[in-house]
Amino acid sequence: MVIIGLAAAWASTSYRLGTLARMGPGLFPCAVGILLALTGVVIAATARSKSSGAADALPDHAHGLPDLRGAACIVLGTVAFVFVGEYFGLLPATFAIVFISALGDRSNTVLQAFLLAAAMMIVATIVFWWALQLQLPLYKWGN
């Protein structure tokens, strides 16, 4: 994260940064790159090393295989957002990405994922549709 953040911040200097009053095209990528690098530093500083095996890192698994459920749910949620958003609108797409991604956490139940997705639909309506005037309809049927 630190390397990618620093690379993004360095690459953004080839664009005009501007000032806070008149932001240039390079200011946002520079700020995001710096924040990403700082996040990486904080993660590295707070990381604890455990000398024990993979069984302690994944307490629900007795084997050493990686748990791919979370990654698979995040990828599937993103793909679902694209397709559901194209054919059904913002609210169903928001529900799909949050619900599917929340199921990637083994500690979440289906009810918790449903409630989180329903709450995020309200947030998406307020932030993206009403405040930012996103050009994606709330609901639609077909293409």
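The values are calculated or read from the model by the stated rules, or taken from the named source; none is laboratory data. Note that the structure is a prediction, hence the values are computed from the model and not measured. Here Cβ is always computed from backbone atoms with ideal geometry, including for glycine, and neighbour counts include all displayed protein chains. These accessible areas exclude ligands, DNA and RNA; they are computed on the full protein's heavy atoms, side chains included. Shrake-Rupley method; radii C 1.70, N 1.55, O 1.52, S 1.80 Å.
Computed values, structure above
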item	result
Which listed residue, of 26, 53, is open to solvent by less than 60 Å² (accessible area, probe 1.4 Å) and at pLDDT 90 or above	26
Flag for residue 68 being open to solvent by 70 Å² or more (accessible area, probe 1.4 Å) and out of contact with any Gly (no Cβ under 7 Å at 6 or more places or on another chain)	yes
Count of region 80-108 residues which are of a type in the set (Val, Ile, Thr) and open to solvent by 70 Å² or more (accessible area, probe 1.4 Å)	1
Checklist (1) part of a loop (DSSP other than H, G, I, E, B); (2) of a type in the set (Ser, Thr, Tyr); (3) modelled with pLDDT of 90 or more; (4) open to solvent by less than 80 Å² (accessible area, probe 1.4 Å) applied to residue 139, failing item	(4)
